[in-house]
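Worksheet: the structure to be examined is printed underneath.
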Amino acid sequence: MFNTLDIDHFIKALSYADKKYIHYVHISAHGNADGFELTDGTFIDWKTFDEIAWPYLKNCCICFSSCDVAQGAAEVFKYHKTFCNAIVGPTRKITWGEGLVAFSAFYHRALTDHTSTASDVRVMNHIAGKGTFKLIESEARSTTYTLSD
């Protein structure tokens, strides 16, 4: 886990995800349909996110616990169809507790080999309310696999 206080730490965390074959990257930040805000107040819009994150996240599922980001996050696929495998995020303002419980269930299920990301997001919506979380899949590559022993 990286605490991304500023853009330099954020880029370092993204490059780590690429080098270590991490399949899920979770970003917890303030957000809206136009992007998200780092701890230091730096706002990252979707075009800027593409510029600093491509190709680090091309094999990842990006999860946002950032209000409203699912209203605009699909924009990253305009720049690179393979920006990432999929994006999971809220479509509305969520409380910290809603995000905590929903993503706890999501990651618990994601670590098994008998669920899909789509079914895991459906469980999140059962927890937080219909339509709260959205799965945005890459047209080019939308599957994230977890291997277990």
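The values are calculated or read from the model by the stated rules, or taken from the named source; none is laboratory data. All of these numbers come straight from a predicted model, not from anything done at the bench. We place every Cβ from the backbone using ideal geometry, glycine too, and count neighbours over all the protein chains shown. Accessible surface is based on the protein model in full, side chains and every heavy atom, while ligands, DNA and RNA are left aside. Shrake-Rupley method; radii C 1.70, N 1.55, O 1.52, S 1.80 Å.
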Please say if segment 1-60 is rounded, prolate or oblate, where rounded means a/c under 1.5 for a ≥ b ≥ c the square roots of the C-alpha gyration tensor eigenvalues, and otherwise the choice is prolate for a/b larger than b/c and oblate otherwise? prolate
Which shape class applies to the chain: rounded if a/c is under 1.5, otherwise prolate when a/b exceeds b/c and oblate if not, where a ≥ b ≥ c are the square roots of the Cα gyration tensor eigenvalues? rounded
5 Å is the cut-off here: which amide hydrogens, built 1.01 Å from N in the peptide plane, fall below it relative to Ser28, excluding neighbours closer than 5 in sequence? Ser65
Percent antiparallel among DSSP beta bridges confined to the chain, nearest 5, equals 60
Percent of accessible area on segment 52-119 owned by carbon and sulfur, 1.4 Å probe? 60
Can you tell me the order of 64-71, 130-137, 5-12 when each peptide is scored by its average per-residue count of other Cβ atoms within 10 angstrom, highest first? 64-71, 130-137, 5-12
Rounded accessible area per residue of the chain, 1.4 Å, Å²: 56
How far apart, in nanometres, would the label points at Thr39 and Thr82 be if each is projected 7 angstrom from Cα along the Cα-to-Cβ direction? 3.3
